[in-house]
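This report refers to the structure that appears directly beneath it.
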Number of protein chains: 2
Amino acid sequence: MSTGTRVAGQSLPRIDAPGKVTGSAVYAADFALPGMLYGKVFRSAEPHARLVRLDTTRASAMPGVRAVISAADAADVRYGAAVKDEPVFAPDVVRYVGQPLAAVAAVTLEAAEAALAAIEAVYEPRPPVLDLAAALAPGAPLVHEGWRSYTAIPILQRDGNVCNCARIVVGDVERGWAEADHVFEHRFTTAMVHQGYTEPRAAVAVWDSSGQVTVWSNTQLPFDVQATLADILAIAPSKVRIIVPGVGGGFGGKLRIGVEHFAALLARKSGRPVKVMTTSEEELVAAYPRQGTVIELKTGVTRDGRLTARQGRIYFDTGAFAGSGPGVASVATMVLAGPYRTPNLHLEGYAVYTNKTNCGSYRAPSGPQANFAVESQMDIIADALGIDPLELRLRNIVHEGDEGPTGQVLTAVGLEECLRRAADAIGWPDRRPGPGRGKGLAIGWWTTTGGSSGVYVKINPDGSVTLNTGAVEIGTAALTGAAQVLAEALGVDLADITVISGDTSSTPFDFGAQGSRTAFAVGNACRAAAVELERKLFELAAAHLKTTEDALALRDKHVVGPGGRVSLAELARQSQVTGGGMIAHGTFIAPGTPYDTKRVEGHVYPAFHSPSFHAHAVDLSVDPETGEVTIHKYVVAQDVGFALNPTYIEGQIEGGVAQGLGQTLSEEIVYRDGRVLNANLTDYKMPTTLDVPRIESILVEHPGRVGPFGAKGVGEPPNIEPPAAVANAIAAAVGARITSLPITAEKIVLGHSRDAAGGTR
Amino acid sequence: MSTGTRVAGQSLPRIDAPGKVTGSAVYAADFALPGMLYGKVFRSAEPHARLVRLDTTRASAMPGVRAVISAADAADVRYGAAVKDEPVFAPDVVRYVGQPLAAVAAVTLEAAEAALAAIEAVYEPRPPVLDLAAALAPGAPLVHEGWRSYTAIPILQRDGNVCNCARIVVGDVERGWAEADHVFEHRFTTAMVHQGYTEPRAAVAVWDSSGQVTVWSNTQLPFDVQATLADILAIAPSKVRIIVPGVGGGFGGKLRIGVEHFAALLARKSGRPVKVMTTSEEELVAAYPRQGTVIELKTGVTRDGRLTARQGRIYFDTGAFAGSGPGVASVATMVLAGPYRTPNLHLEGYAVYTNKTNCGSYRAPSGPQANFAVESQMDIIADALGIDPLELRLRNIVHEGDEGPTGQVLTAVGLEECLRRAADAIGWPDRRPGPGRGKGLAIGWWTTTGGSSGVYVKINPDGSVTLNTGAVEIGTAALTGAAQVLAEALGVDLADITVISGDTSSTPFDFGAQGSRTAFAVGNACRAAAVELERKLFELAAAHLKTTEDALALRDKHVVGPGGRVSLAELARQSQVTGGGMIAHGTFIAPGTPYDTKRVEGHVYPAFHSPSFHAHAVDLSVDPETGEVTIHKYVVAQDVGFALNPTYIEGQIEGGVAQGLGQTLSEEIVYRDGRVLNANLTDYKMPTTLDVPRIESILVEHPGRVGPFGAKGVGEPPNIEPPAAVANAIAAAVGARITSLPITAEKIVLGHSRDAAGGTR
């Protein structure tokens, strides 16, 4: 907006709006093929047991049933992002309630469900590991007795029920404690929560006689699912085609293989197309939710509020399989450091097996949990020292050129501006404007995930432009942002661009819709393609306009030169006649961010690339009788580098805050004895539109060096700070310092957390 | 084979074999969507009439009918390749029996057919133009009174019922007649014939709410159909997506829009997916068959057999709309010249409107007709002069460095080798080995059609390669050939390559599967992409192998250098991690073939690019009682430049000869009073497998300068010479010189053609 751009930076309607507004967009859940069967998964009823017998004979004989599969029908492989520990079907030992044991395909959904009921499983229970404490206790039963035999990425620090311990060590915390006037120690806990995407996991698979399987899926990472599925099916990845028609929300919950393998295996066995789709119950007992955590945080500070040292341990209950846990535990240590200057750090993230569902990634994985601890404690410290929380933060935040926790040099740091503008907008310093009313602040930083993006781009003879990308649109409008970058670079309108996306065969590789990277990375790949197209356009136009290529410019769908102008449409037509068509490819990979390797161990994400900075502020009231929280205003000031499309960034902020408030106030997957008690959307309480407060978004623009026009990743950050901001405001309002998520009305009324403890020396 | 290539030149199984052999391949005719309606077309019952009234009220009210459309529902546009003269539905005047007047979509095919029967049309007949003679007669009624108002490509020479007259003039034929000792004049006729593809025209269309229509079609030219359909729908081409799942034979009959527009219009009106598929009857009355012709050929020759001059006129009965006629008439003049040195030429091709179905393109359009005349007359001349037909040809054929009829310089001319080897293989000079038995020769030349091809290529992390091309596989294995070129260039196996093709959105522009160009042009685009991939691979590998890029080579799926080797798979994986993915694009456009512009007029194809040369020889017997022809042996020697895949070139030769024999001996769409009398596959007599004789293929390789490894177009040529070769053999066998196609048993028994005449001075 401020840089003289024409398309990039404008709040243009998203390119996928019509289908989504009118309901005609086809999501994977809508996708159907003629003659398609319906698949259902039979799941373990025990958290930890030996599977003595699995009898599918009766199910196989039921009317309409066309295939029944179990462990014997899948290759004997284990899969997983960091640790290959998960089988398709439990072959012998079951490790959580909900683990797949078999699957059936039938001509109707009802017939498939009836067949499930006819499957008989006999278990011999084993002692289950039901929570972090039990898993970490000396002599705890092992969730995986054979953990040593699993293939894992070499960098991981594994030991029994711990499938990774990531560590950052900076300076010497002992010295830090010595330099501190006060040392604060607290313990925080957070609950397991589900991403709450609207569309369940869904896949339709069909095989052709060349031995290729095509799967229409709503995964966020078609290329990752392709690789995993190829392993499971024991065929080459190139024989697996994943096509993503549309994704009804993902938030990290659709990164890894979900139901694609069941659909593919059932389709192979039945010789028919098969569709598999999860129910809400399956989502809540057997998907990839956010890990519950326990966080121990110890921070030293001088009496004037300077941080001297921090020691933190965050334990992730990652469930029966490692899932995203090992990486999430790494990222967590970066969040525990906070966007603060702290000379001495000793931070550890543990991913821990238990007999629960396999946890995964959820929008800013580890962010809300770690930030909840860090930013809650900052307010506790401020109150203890008698320093205003805003002031305490201002004394410690990072600035341009500072070092991050692992030694990266921070640039384009808009943190102070975010903090001051959020505080202004919420009416700081008036923290307690009335009885039962309070305001809270929380700040944070986050990475823009790297990874490759490739694009193919062609200019069509009507002047329109087709962008092929392996990324997928998961609802964030990120591909609209990338298309805006392309339109800007080519001098065309956004409406001129059509996007083809998310097909492992027809589109180039993309690292996928994850980690706030899509608009950033695909946009940059588009810029690379545009450079090549510009070269080809100028070559043709120079001849046409009788001038040299260096005298030309792209403007308003034309190549403009001293001798006149010629439209891109005309040049594309000409190129089809004389030059093979106006096509190009472009690739992008984020440059590495240098860091100090000596500071880290077991660390999958040792630097935050093109980091974003943000501050949240909230003004709320607490009903003293019921503990009910009413949010009057919620402010987010986020340094987005460059706002590619302000409206949709605001949409990301509003959605991220809404989700964050759900995790803060009400959401929790409740386990008892290894069983989920609230596996339905009545008892698992997500906020509705009516629960979402007024949210004010302030887009701060400190352009980064790498992103298109300076843009940074924007999708995940808004989900990070709500727990801490709200907890701090509640403490301001009614004095209750709640250190466990969710902050239910009950906890507020009781004035403390059941699970938490804290203190100072 | 002979050039040290490893994949190119090998008879490897085609990449699309498994699906086609097992029947699991999905053709457009198989394609279905859930909730799909069935569309049918209501057609004119009159050859030429004013449409007084069209009443669809009753049809609209019938059970299961969801949409009825007629002229008012389509944009008021006319379309056509060379002349935009054809409306979607006849708005006022109908011009042939079978012309679309309306269409219906219903929930079943039966309901759609019932609705057709309920449509009422009232006509006011006009005098029809039923054949070439009537169309060209002075004062003939005009098929298009408003012909002057139509948009046409400017080069055409139009006049009333003549929608193009293309001309080649070389030297002075008057001088040529003067130099001749004998001048031969003959008249030949050929029948209208259908391509006989196995799969009827089929399309399924569905609209989305962004206003884009997606059409699954079996067109040979998705990008051409996209452009035409956009005009008809009055939307931008980029809002039309054509996807070609598979094509069950095309042979030129599926070049232009067929049923796609009916499907799209019905889908728009009904709001549902709609499928439209033709019946055999519709194919025979209202598709794009090969034009019937009348050919007048006058040739001067010295007594020792040197050609001094040729004057030729070929009239194409192109039907109610110009279709491919104007271009076909141009190509015909090149064929009339023959691959002979003739100093004086005056050759004309006329495309003429009549009230019949709109004729189109059929494998080597104009080739069989014009060659039938030229090569029949060569034998007549040989017999008249007492020179052996082989010898007469050898005295006149073109050689390396000669000029073509329009002045192009001929290179890689393998004609003499073809002629001698075919003659040898058939046992020449023993022309009349027994009573009722005879042998015939015919030679010809043909073009490799130009036009753009673009490809996207990526190397996947398992070392497999994905080729995206806008071309389509129409059954010739041309995309297997292109993939062999790519495999050769990248040092991988054919089995490593997956082809994604024929999708106007996800694949780059391609001029389409026509004119024997696909393996040639797409192969060359692949070579261009391979150059870019090699650069990227070498860049990565040089670092890996600690050497320089110029020390590297691609071999056996590896980059090999002095320091060792690294696999493409490894480099592709690395590129995804460090470089954005191993992708490239490539484009190709055949360089222009210089010719003498002063020699031509109204000419759409004034040069034959990378021309191929061929000789056919046949040995047959004729039953003296019945006139039945039995072919003992059929030989084709074809200069293919370089045989990319010998087996499939042999397949093209065998198929082309089989089709050619059908046109020669039995096929004819019979019109009486503007109505087709034999619109079914019982009365329209195509040869079956049992009718196809033993065919021997001799692949001659005189490598061209442009094609991959010297390859020339191979698909169309085998269809050209059968009529002349068979006619010459029949004349040798029983003395009957038949100058009209098809050469039915009846004509042979009568000993002459009903429609033809000839003579000499």
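The values are calculated or read from the model by the stated rules, or taken from the named source; none is laboratory data. Quick caveat, the model's predicted, so the values are computed rather than measured. Positions of Cβ are generated from backbone atoms using ideal geometry, with glycine treated the same way; all protein chains shown enter the neighbour counts.
Table for the structure above
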{"quantity": "Flag if residue B:665 is of a type outside the set (Ser, Thr, Tyr), surrounded by fewer than 20 Cβ atoms within 10 Å (Cβ to Cβ) and farther than 30 Å from residue B:399 by Cβ", "calculated": "no"}
{"quantity": "The range A:577-589: number of residues that are crowded, with 24+ Cβ neighbours inside 10 Å and either aromatic (Phe, Trp, Tyr) or in contact with a Ser or Thr (Cβ under 9 Å, 6 or more places away or on another chain) (or both)", "calculated": "7"}
{"quantity": "Pick from the range B:442-460, criterion within 10 Å of chain A (Cβ to nearest Cβ) and not small (Gly, Ala, Ser), ranking: farthest from residue B:331 (Cα to Cα)", "calculated": "B:460"}
{"quantity": "The range A:630-659, residues that are surrounded by 24 or more Cβ atoms within 10 Å (Cβ to Cβ), aliphatic (A, V, I, L, M) and in a strand (DSSP E or B)", "calculated": "A:635, A:636, A:637"}
{"quantity": "Top-ranked residue in the range B:693-751 [being in a loop (DSSP other than H, G, I, E, B) and among the hydrophobic types (A, V, I, L, M, F, W, C); ranked as surrounded by the fewest Cβ atoms within 10 Å (Cβ to Cβ)]", "calculated": "B:736"}
{"quantity": "Extreme residue, nearest to residue A:334 (Cα to Cα), among residues of the range A:148-159 that are surrounded by fewer than 17 Cβ atoms within 10 Å (Cβ to Cβ) and in contact (Cβ under 8 Å) with a residue 40 or more places away in the chain", "calculated": "A:155"}
{"quantity": "Spans of strands (runs of 3 or more DSSP E) in the range A:435-532 with at least 3 residues among the polar types (S, T, N, Q)", "calculated": "A:465-469"}
{"quantity": "Residues satisfying the stated conditions in the range A:575-589, i.e. more than 7 Å from chain B (Cβ to nearest Cβ) and of a type in the set (S, T, N, Q)", "calculated": "A:575"}
{"quantity": "Test: residue A:477 is in contact with a Phe, Trp or Tyr (Cβ under 6 Å, 6 or more places away or on another chain), surrounded by 24 or more Cβ atoms within 10 Å (Cβ to Cβ) and either hydrophobic (A, V, I, L, M, F, W, C) or in contact (Cβ under 8 Å) with a residue 40 or more places away in the chain (or both)", "calculated": "yes"}
{"quantity": "Verdict on residue A:70 being hydroxyl-bearing (Ser, Thr, Tyr) and over 35 Å from the mean Cα position of the chain (by Cα)", "calculated": "no"}
{"quantity": "Any pair with Cβ under 9 angstrom, 6 or more apart, that starts in the range A:60-76 at a residue that is outside any strand (DSSP E or B) and ends at one that is among the hydroxyl-bearing types (Ser, Thr, Tyr)", "calculated": "A:64/A:108"}
{"quantity": "Check on residue A:463, modelled with pLDDT under 95, surrounded by fewer than 24 Cβ atoms within 10 Å (Cβ to Cβ) and within 14 Å of another protein chain (Cβ to nearest Cβ)", "calculated": "no"}
{"quantity": "Failed criterion for residue B:506 (all others in (1) touching a residue at least 40 places away in the same chain (Cβ under 8 Å); (2) within 13 Å of another protein chain (Cβ to nearest Cβ) hold)", "calculated": "(1)"}
{"quantity": "One residue from A:257, A:232, A:243 being within 14 Å of chain B (Cβ to nearest Cβ) and farther than 28 Å from residue A:372 by Cβ", "calculated": "A:243"}
{"quantity": "From B:412, B:351, residue being closer than 28 Å to residue B:594 by Cβ, under 25 Å from the mean Cα position of the chain (by Cα) and in a loop (DSSP other than H, G, I, E, B)", "calculated": "B:412"}
{"quantity": "Complete set of residues in the range A:62-94 that are under 22 Å from residue A:110 (Cβ atoms) and touching a Phe, Trp or Tyr at 6+ places or on another chain (Cβ under 8 Å)", "calculated": "A:69, A:70"}
{"quantity": "Hits in the range B:29-54 (condition: crowded, with 21+ Cβ neighbours inside 10 Å, within 14 Å of chain A (Cβ to nearest Cβ) and either of a type in the set (Gly, Ala, Ser) or without any contact (Cβ under 8 Å) to a residue 12 or more places away in the chain (or both))", "calculated": "B:29"}
{"quantity": "Selection within the range A:261-285 - acidic (Asp, Glu) and touching a strand residue (DSSP E or B) at 6+ places or on another chain (Cβ under 9 Å)", "calculated": "A:281, A:282"}
{"quantity": "Candidates A:90, A:71, A:75, filtered to the one that is within 21 Å of residue A:150 (Cα to Cα) and surrounded by 22 or more Cβ atoms within 10 Å (Cβ to Cβ)", "calculated": "A:90"}
{"quantity": "Residue match in the range A:322-333 (condition: assigned to a helix (DSSP H, G or I), in contact with a helix residue (DSSP H, G or I) (Cβ under 6 Å, 6 or more places away or on another chain) and either crowded, with 22+ Cβ neighbours inside 10 Å or among the aromatic types (Phe, Trp, Tyr) (or both))", "calculated": "yes"}
{"quantity": "Residues of the range A:556-574 that turn out to be more than 13 Å from chain B (Cβ to nearest Cβ), within 40 Å of the chain's Cα centre (by Cα) and assigned to a helix (DSSP H, G or I), as a count", "calculated": "0"}
{"quantity": "Residue among A:124, A:113, A:145 that alone is assigned to a helix (DSSP H, G or I), over 28 Å from the mean Cα position of the chain (by Cα), at pLDDT 95 or above and surrounded by fewer than 16 Cβ atoms within 10 Å (Cβ to Cβ)", "calculated": "A:113"}
{"quantity": "Answer from B:585, B:603, B:544 - the residue that is touching a residue at least 24 places away in the same chain (Cβ under 8 Å), part of a loop (DSSP other than H, G, I, E, B) and not aliphatic (A, V, I, L, M)", "calculated": "B:603"}
{"quantity": "Filter result for residue B:617 (crowded, with 19+ Cβ neighbours inside 10 Å, within 14 Å of chain A (Cβ to nearest Cβ) and either touching a strand residue (DSSP E or B) at 6+ places or on another chain (Cβ under 6 Å) or not aromatic (Phe, Trp, Tyr) (or both))", "calculated": "no"}
{"quantity": "Number of the condition not met by residue A:13 [criteria: (1) outside any loop (DSSP other than H, G, I, E, B); (2) over 25 Å from residue A:242 (Cβ atoms); (3) within 14 Å of chain B (Cβ to nearest Cβ)]", "calculated": "(1)"}
{"quantity": "Filtered residues of the range A:512-555 (kept if away from every other protein chain (no Cβ under 13 Å), among the charged types (D, E, K, R) and within 43 Å of the chain's Cα centre (by Cα))", "calculated": "A:534, A:555"}
{"quantity": "Residue within the range A:191-204 that is in contact with a Ser or Thr (Cβ under 9 Å, 6 or more places away or on another chain) and within 14 Å of another protein chain (Cβ to nearest Cβ) present", "calculated": "yes"}
{"quantity": "Failed condition for residue B:507, given (1) of a type outside the set (Asp, Glu); (2) crowded, with 24+ Cβ neighbours inside 10 Å; (3) touching a helix residue (DSSP H, G or I) at 6+ places or on another chain (Cβ under 8 Å)", "calculated": "(3)"}
